[in-house]
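The values are calculated or read from the model by the stated rules, or taken from the named source; none is laboratory data. The structure displayed is predicted, hence computed values, not measured ones. Please note: Cβ atoms are built from the backbone with ideal geometry, for glycine as well, and neighbour counts cover all protein chains shown. Surface accessibility is based on the protein's heavy atoms, side chains included, excluding ligands, DNA and RNA. Shrake-Rupley method; radii C 1.70, N 1.55, O 1.52, S 1.80 Å.
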Amino acid sequence: MRLLKLAAFLGLLALIETTVADDGYLIVKGNILSKELIPDVHPKGCFEDGLLCTSVYYRYKIKVKDSFHNTNETIVLAAEYEHGKIYRGSEDYLFILEPIENENSQKLLKADYLINKQISKSSTYCFNEPMSEYFDNNINYDALERSCISTENSFNNLKYSILYDVEDNVKRILEEDGSLVSTNELLMDKEGNLYSEEDEVPTTCSKEDEISLDLERIEKCDSWIGNTAVLEFKVRKGDSLQVIVLLNDELDRLPFENIKSEFVVETKDGVDVVRWFYEVL
């Protein structure tokens, strides 16, 4: 994570605020020509005691292809405070741009606008009824209550959403039974090491890697397993088999089968620990 620098900017950072008239927004469609890190600039809130900010300002150079407003601008410079999004330069985006009224803020960011929203092009397929209507009555997951699915999300993401519902169903049953002690979502690196939210997670990419926008470089330095989810159940001693049976029963009910599912069980501190590893193939 990037450490905050140059606290001397504090006075200037307080100026990064916008006051926009009702008709001050600019809505355009265009391509991103470049994206550049704005170093050492943070909102004033980042300098509060004990706060670590993981987002930074980026400056976008946008080629305007179409607009909902009367504007002669063909190239727009706009800043966004974000957590390092990746973009495809050839793809059309829809931007809602908010003018930066304060001159000092414009000079600091070297931009005329803040990006209020950035929307990528996508297609959405919608059914007349919620998708649950097209499955058996016993397939009653919240993820299937939607009637539309986006091509950006794909069916794989829908399957993971259903698996999250599987997690919730098993948690609820274990809680009602009085067996559940706690659950914990874990991260796993490519070496098989597991990390909880309380653990100090090692840095895998340098600052230069993260802002390079080079996908091959980022993939090489990224040591995390992205597709395998790991959920840890802590239950009463002797109840580990019940957890596995409940999860397998839920998996057997699913309308798709391409799931890799494994369990690891151990007993420690007077409780059973069941770690469920799963991945949509």
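A few points about this structure:
- Per residue convex hull volume, Cα atoms of the range 84-191, in Å³: 250
- Measuring nothing but protein heavy atoms, the accessible surface of the range 103-146 at 1.4 Å probe radius is 40 percent carbon and sulfur.
- Peptides 132-141, 227-236, 28-37 ranked from most to least packed give 227-236, 28-37, 132-141, packing being the mean of other C-beta atoms within 10 angstrom over each peptide's residues.
- Among residues other than Gly192 with Cβ under 13 Å from its Cβ, the summed charge is -1 (Lys and Arg +1, Asp and Glu -1).
- For the range 77-179, the set of trypsin sites (Lys or Arg not before Pro) satisfying both a DSSP loop assignment and a count of at most 16 other C-beta atoms within 10 Å is given as Lys85, Arg88, Lys110, Lys121, Arg146.
- Filtered chymotrypsin sites (Phe, Trp or Tyr not before Pro), the range 49-83: DSSP coil and at most 16 other beta carbons within 10 Å: Phe68
- For the range 243-272, applying the loop criterion from DSSP together with a ceiling of 11 other beta carbons within 10 Å to the GluC sites (Glu not before Pro) yields Glu257.
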